[in-house]
Structures are given as C-alpha cells and as structure tokens.
Amino acid sequence: MSDQDKKVEDDQIEGTVLAEGVDEEPIESNRRLFEGKGYLVIATLSTIYAAFHMIALNGVSISDWTGIEIPFLPQFPMETWNFRIVHIAGALALGFLLFSAHTFDGKEHKDTPWLSIIAAILLIPAGVAGFTAIGFMQTIASGELPQMGGLTTWAAFPGTEIYQTEIRWFGIPLLIATGGAIVTGWLERRGRERYAASDVVLAACAVVVGIYLVAIYGTAARNSVGTPFVPIGVAFAATAGAAMILELTRRVAGLALVVITGIFLLYTFTAHLLPGILAVSNAYSWQRFFGHVYSDAGILGPTTAVSSTYIILFIIFAAFLQASKVGDYFVNFAFAAAGRARGGPAKVAIFASGLMGMINGTSAGNVVATGSLTIPLMKRVGYQKKTSGAIEAAASTGGQIMPPIMGAGAFIMAEITGIPYQEIAIAAIIPAILYFASIYFMVDFEAAKLHMRGMREDELPKFRALVKQIYLFVPIVILIVALFLGYSVIRAGTLATVAAAVVSWLTPHRMGLRSILKAFELAGVMSIQIIAVCAAAGIIVGVISLTGVGARFSAVLLDLAGASNLLALIFAMGIAILLGMGMPTTAAYAVAASVVAPGLVSLFVENGMEQSTATLTAHFFVFYFAVVSAITPPVALASYAAAGISGANPMETSVASFKIGIAAFIVPFMFFYNSAILMEGSAFEIIRAGITATFGVFLLSSGVQGWFMGGRTAWFLRVGLIVAALFMIEGGLVSDVIGIGAAVGIFFIQKVIRPDPNATISVRGAD
C-alpha cells in the first residue's frame, strides 16, 4: 500500500477524507535528487529557464532596461527560430542533468568510476565543437563576411575552408561526444544525488548545438534548409540534436514515441525502395534530410512553436496554482459536492480529474495525481479494482478536452490550423459535456447495479467551509474572462499566473519571493517532458513534410470516401488511434494531424462544408482520437498508470476504461453529421443538437451497462437502446424522432411487459 493509500485509510478512520498534495509532481524513478550545491545549481538553472520564457513571451527587453547588447540575442521578443532553438537546447541540458538514463529502483548500485572517467574525456571533443561554434559566431558578428540581400553569407561549400572546419572541428567532434555520451550514459552508474559525467557531456552538447544553429540560421544559409545545399555543419548539428531529443524522450516518456519516430526515420531513407503510396521517386541524402528536419518544417515547427509559448506558459500557471494548493481545493470541493451520491468517490474522480487534467495536460500524470486518492476510495465503496482504475483513467483523459485550457493539444491545433484558440475552446464545450456526461452515466448505472452507497456526511469535507475559499477559482475565472475579452493567450495566461500569486495571500500558503522562485523552478522541471515529446513529434512531422506521405494518405481517404464517407471516417479513426498509442496527447495529435487531417478537410469540403468549418471539424476529429488513444487497448498509457495504483491487470483496466469512455469513440463522428455540436449553426440548432446528443449518450450508457430507468434490462432491450442512441447521436430531425420513439417503446416494454433481464438466446442444434 502506498503512502497516499495509507493517508486515505487514516483519514477515513479519523472520519474525514481530505485531499493533500494531489497536485504535487510525482518523483519519477529516474529523476536525480540532488542535495546541497548540486541542488542549488539545478534549481537555479530551472528557475532561469522558466523565468526566461515568461519574460521573453511578454516582450520585456533586457537591452532596453540595462543598455547591454547581447550578441545574437539583443532583445525580447527574440527572433522566432532563435527562441525555439534556445528553448529546445535549454530543455535538453536541464533534462539530461535531471533524468538519468536508468532507473533508481532502491537497490544499491556500485558507482562505475572508470566509465565516468571515459565519459568525462568526451568533454574534450564537446569543448572543441563548442569552441569552433563560438568562433563561427564571432566571425559572423564581425561583419567581415560578404552580404547578399541584406544577409550575411555563409559559404560552406565543398572545397572551402569553412566546409573543412565544419567537418573536422565541429561536426565530427560533436557526433563523437554526443554518441559516446549517450552510450556511456546507458552503462554509467552514479549516486542519485550526484551528476553523471555522461549527462554533463550531453548537456554541454545540447548547448553547443544551440550556439551553432543560432549563429548559422542568422545568415543567408537558412534559405538553403531542405535543399541539398544546406551547410554540412547544420546536418551534423541536426543529427546530434535529433539523437539527444530521442534519448531524452526515452528517459522522460518511454520507448513508444522513440520507436515510432525511429520507424519514420527508417522510412525516410528506404522510401525510394518501397511500393505504392509509400514510395518516393528519389532517395534522400543524410545531409538533406537532417538539414531539413531541424527547421520550421520539423523540430522547430508547430509542435515546438506551441511548447515554447502556450504550453510552457500554462505549465508556469499550473506551478503557481500548486503553490496555493488549488489542486487540493479542487478535489476537496468535488468530494463535498458529489461524495454523497451513490458510488460517490467515482463521481468525485470525474469532476476532480476533469478539472486537474484540464490544467496539467497529461492523462497519465493526472491519473497519478488524483487517482492515488480516488482509486482506493472507489475500491472501498464496492467498485472492482479494474473498474476503479478505469474510471480514473477515463476521467483524467477527458481533462484534455475540457475547456478553457484543454491540456496542451488544443494549443497545437490553434497553431496548425490558424483558428483562434478562443474559437477552439468554444467549439469544445458540447463535446466535453457529452464525454463527461457519458462517464457519469456509466459510473452511476454501475453503482446502481451493485447497490452502492455514497459516502457519509462525516466522511466528507464541509461544503460550507469550502465555499468560503471559492476565491481559489479566481485565477481560472480571470483566464476565461481575459480570453473571451480578446486578450492574447499569452497575456491571458500571464494575468492568470499573477492572479494565482495574489490569491495565495488569502491562504496559509502565501507566495513571497522565495515561493515565486520555487514555482519557476518547478515549472522548469515540469516542462521538460512535454518539450522533449513535442520536439520528437517534430521529427516525425519533418519526415511527413519532406516525403509527402501525408498527402498520399489523404488521397487514400478520398478514394475510400467514394465508396462510403463512414468507411473513410473509420479508416481515419484507426490511423489516428494507431499513431497515438503509447504517445502523450500532444505528440499523438501533432503526428495524426499531419497524416490524417488534410484528407479529412478535403473530404468535408467535398461534402459541402465551408473551408473554415471543414478545418475545425477535421482537426477536432483527429484531436479526439489522439486523446482517447490513452484509454484504447492494447497500449493505453492512462489505463496502465491507473492499474499501477489499483493493483488490477493493466489490460483488463484498459478494456474497462475503453468501455467507460465508449461515447468518446462515437462523438467525433457526430462532428461530420451534425456540425452544430461544434457550435456551428444557429442558436436553436446548437441547443437542439446538445440536448438530443446528451439524451443519446444517456441511452448509449444504458445499453452498455444494461440498466435503464431504475432496473436491469434484457439483452434485446440493450441492443435496442444502443440503436436508439445511435439515431439520437446522428443529429438529424428524422433520426431524433426515430430515436425518441424507440426509447419510449423500450421504456414501455421495460415497465409494462417487464421481460426477464436474465433472458438468453435459445440455440438449437442442426439435428
């Protein structure tokens, strides 16, 4: 039993269940825990990294304030590519220092001093590459190089001195240091409280890559990105950078995304050998591909654009909320509001996990945060272990589609589509209601079938006391109001962050300077995983943009649509879920949007939708399936995390969470057949669509759970309920009438004829 489980048990013995520490970041098994000077160094770097983003995003100019001109970084806001390069380099450096290449499982591991010495020697080639990169930067800044079109030229062609220097004194040393440090990192062992030499080398290499790319992309050489004429040094830097991104992703997010990225990389260099839609006409050289991938068509593209702006800003916001213990308040408020209902802890999980998941942006992370409290309580009131974990997984996953913040994926949608974030948040309202209504009905009917009770009054936090702290919602209210008053997302997020600090002064956890610095430090650490994941997804996006495989998948979709629109949508659903399995939502959506969304947009336009509506509908379709891939067997990250807490079989938990979230697999099809679900249409159409779809979700949940209007239902009535639900969900006037008529008929049969709920199908042999 975990410490949190014991805390729950103790609190119940004392009479009251209270949430404490649910919004604290879990300590990963491979996170280093520094002490003394080691901690001071990493805390300072993390704080500077997060604060740098907050300052840069709000346009504060260091040069204007101090009069000091910083070469290549003269003022904020920084040039876009430079900002993203620094963003990734900083995350890589921090990530390697914080996260070990292996886990600390509590067993004693002997240090490996000889490996540490070998790794430390790799600082020599890293230093050579760094010294060369700084020399390049000084040469470019000197003004001695020729100008062309207002840009400094960088003549790194074969046969030139620059070309030879880039290979001998930058590229080869950098690859030796990077590759050697990655390999030695897998084998090197150092105490959890100490820095590993190989990780220090990787952090240095990340900085070197950043220095070189900032320097070279400030010249006319940037225009050669994606062509065979890209400087050879860019290819070396991109290769080292991509290798470090994949290694850090492995450390912080597991192997799934790394393997998928590896498959795409393999495809790039073998595509000319493949048949059919996967084929390309000419092979890609190493120099051209890696010169392309570390650009705004790949790693520096939409995924990093979002992680370097909206995502890290809202991570800072979440860190400030943690300081004022808002997460604990959310969960306690949910207990006070819903704990008395039958199966109370499960309904608490729905509300609390939705609120928390909306902010923290990761399904599995949210399961760990709130599930450690709600899952033991669900088991206590009668839910099976697998069901307890499944409910928490489904609810935590739904936080990704809960406006106004919607985790992080919606920010990427805004970046890719160009649709204002406010419009995306508004469009998500009815789908989010349908998702959580579905889970609520499923949970309630399960509790009714098992004759569960709610929690007693003396077990719950006092609602009156919590109402007096309602001001803790103020930062989120300010965020919503600012967004819909037309403020930019960055300005609205900044105002909400400031509000969180101000509100903390009304609590026992007042934020002074030390607490504010601590919040920035926490934000720097929290951001590493999502930045690594977004950068890795950028590699896949770069492959898709270079090879054009996404356009060919779009052609397949349109061909399928010629036979059946529904068949094309099912194919798109399958691709989106397959691409998303094992990946965090942000990466899953970014990849699926590159492959599937363009074809869906064309399909919707051909079916009479306006271009803007088609774009919104297609991307929401993909986004939903990217989200629910976290509860889709066989690789369901959120379900696996919940199973770890509940003690149930992971596969059984993922199947159960798939069943509980079944409506989420149907709702996206409604977007195509009834765009009013996404707030597209008149007020009457939107209201009617919302009401009828909610009733349809109710019927679907009744059919799946076998519980309708206060009693168990026979198998044939369950089938009828599911069919009626599909008619209601389709959204047309005729289909609504058919669905309502079928529901009324089933109600009549249930109440008057009362068929045996245990009835079975009679089967006779052929004889």
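Of Ser281, Ser657, the residue with the largest accessible area leads and the full order is Ser281, Ser657 (1.4 Å probe). Under the convention that each Lys and Arg Cβ holds +1 and each Asp and Glu Cβ holds -1, the size of the dipole of segment 426-572 around its Cα centre is about 520 debye. Dipole check for the chain: with +1 at the C-beta of Lys and Arg, -1 at the C-beta of Asp and Glu, and the Cα centre as origin, the magnitude is about 1240 Debye. Gain on full extension, evaluated as 0.36 nm per residue between Ile117 and Gln164 minus their Cα-Cα distance, stands at 13.9 nm.
So for the pair Arg491, Lys751, with labels modelled 7 Å out along Cα→Cβ, what separation do we get in nm? If labels sit at Arg491 and Lys751, their model points lie 5.6 nm apart. Of the residues Pro403, Tyr421, Ser612, the one whose Cα sits farthest towards the positive end of the charge dipole of the chain is Pro403 (charges of +1 on Lys and Arg Cβ, -1 on Asp and Glu Cβ, taken about the Cα centre). Give the lysines reachable from Lys110 as a straight Cα distance under 25 Å; neighbours fewer than 8 places away on the same chain don't count. Within the straight-line limit of under 25 Å, Lys110 reaches these lysines: Lys37. The residues Trp154, Trp286, Trp505, sorted by heavy-atom accessible surface at 1.4 Å with ligands and nucleic acids left out, run Trp505, Trp286, Trp154 from largest to smallest. Taking Cα centre as origin and charging only the Cβ of basic (Lys, Arg, +1) and acidic (Asp, Glu, -1) residues, the dipole magnitude of segment 275-389 rounds to 720 debye. In the context of the full set of protein chains, the chain has a per residue accessible area of 40 Å² (1.4 Å probe). Heavy-atom accessible area, probed at 1.4 angstrom with all protein chains present, ranks Leu495, Leu377 as Leu495, Leu377, highest first. With both labels modelled 7 Å from their Cα along Cα-to-Cβ, the Arg464 to Phe269 distance reads 7.1 nm. For the chain, the residue among Ile577, Phe695, Thr261 whose Cα projects farthest onto the positive side of the dipole built from Cβ charges is Phe695.
For the residue pairs Lys347/Lys379; Lys449/Lys659; Lys325/Lys379; Lys379/Lys468, alpha carbon separations beyond 19 Å are given by Lys325/Lys379; Lys379/Lys468.
Spatial offset of segment 31-59 relative to segment 490-561 amounts to 17 Å, using the alpha carbon center of each. Extension gain, Leu33-Asn282: 0.36 nm per intervening residue step, less the Cα-Cα distance, totals 84.7 nm. Among Gly562, Ile430, Ala535, which residue has its Cα furthest toward the positive end of the charge dipole of the chain, with +1 on Lys/Arg Cβ and -1 on Asp/Glu Cβ? Value: Ile430. One chain, two ends: Thr227 and Glu144. Fully extended at 0.36 nm per residue, the span grows by 27.3 nm beyond their Cα-Cα distance.
Give the separation of the Cα centroids, segment 425-462 to segment 221-276, in Å. With segment 425-462 and segment 221-276 each reduced to a Cα centre, they are spaced 44 Å. Expressed as a whole percent, the accessible area of the chain that falls on carbon and sulfur atoms is 66 (1.4 Å probe).
The values are calculated or read from the model by the stated rules, or taken from the named source; none is laboratory data. On a predicted model such as this, the values are computed, not experimentally measured, just so you know. Counting neighbours? That spans all protein chains shown, and the Cβs are built from the backbone with ideal geometry, glycine included. Protein only, heavy atoms only, side chains kept; ligands, DNA and RNA dropped before computing areas. Shrake-Rupley method; radii C 1.70, N 1.55, O 1.52, S 1.80 Å.
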